1. Under the rule of -39500 (n - 2.57) per DSSP H run of 4 or more residues, summed and divided by the residues of the chain, what mean residue ellipticity at 222 nm is obtained, to the nearest 500 deg cm²/dmol?
2. With 31 Å as the limit, write out which pairs from K25/K75; K80/K111; K25/K133; K97/K133; K27/K131; K36/K107 have Cα-Cα distances beyond it, or answer none.
3. When you have a sec, figure out the Kirkwood radius of the chain from all distinct Cα pair distances and drop it here in Å to one decimal?
4. Between S55 and T5, what is the spin-label point distance in nm, taking each point 7 Å from the Cα along the Cα→C-beta axis?
5. Scaled to the compact-protein estimate 2.2 N^0.38 Å, what is the alpha-carbon radius of gyration of the stretch 95-137, rounded to two decimal places?
6. Only Cα pairs within less than 10 Å get springs; with that Gaussian network setup on the chain, which residue of L57, L74, L106 has the largest fluctuation?
Amino acid sequence: MLKMTIERSDNPMAMVVLASIENQKAKDAGERYNIKLSLMRKLYTKGFDKNRALSVLKFIDWVITLPAIFEEKLKQEVDKMEVGTMAYVTSFERLAKKEGKVEDALKMLEKNYSIEDISDITGLSTEEISKLKVAEKA
């Protein structure tokens, strides 16, 4: 009953409470993924203005952490929801930032920068860059 009342509320703090309650029930990353996706869908349907929605999304992202594979999957789902709505940030920004670093590292590898220099410039580990170098040659 309480959960239904919270879900129907137009108050963004209700989503914060719901995120916290639902996260406590989650037993594994798969459940947390489903909870986070469900909360985000509800948030999109509430019609909050961008600033209110982003504040709630940031909190949900902070409270319900996921392994990178689930974050990537979540980003794909959110991308589908974002047509004409507010953009989701935080963990998705981190993924995009890393993608940009990888693209930069690939360009530097093409120009024969050293792995150490690429690591210093991009912040990627030398192991990540070595893997990129091997993949580039394949």
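Only the coordinates and a few stated rules stand behind these numbers; no lab work does. Here the structure is a predicted model, which means the values were calculated and not measured. Please note: Cβ atoms are built from the backbone with ideal geometry, for glycine as well, and neighbour counts cover all protein chains shown.
1. -24500 deg cm²/dmol
2. K80/K111; K25/K133; K27/K131; K36/K107
3. Answer for the chain: a Kirkwood hydrodynamic radius of 16.9 Å.
4. Placing both labels 7 Å beyond Cα along the Cβ direction yields 2.3 nm.
5. On the way: Rg = 9.0 Å, N = 43, 2.2 N^0.38 = 9.2 Å.
Output field value: 0.98.
6. L106
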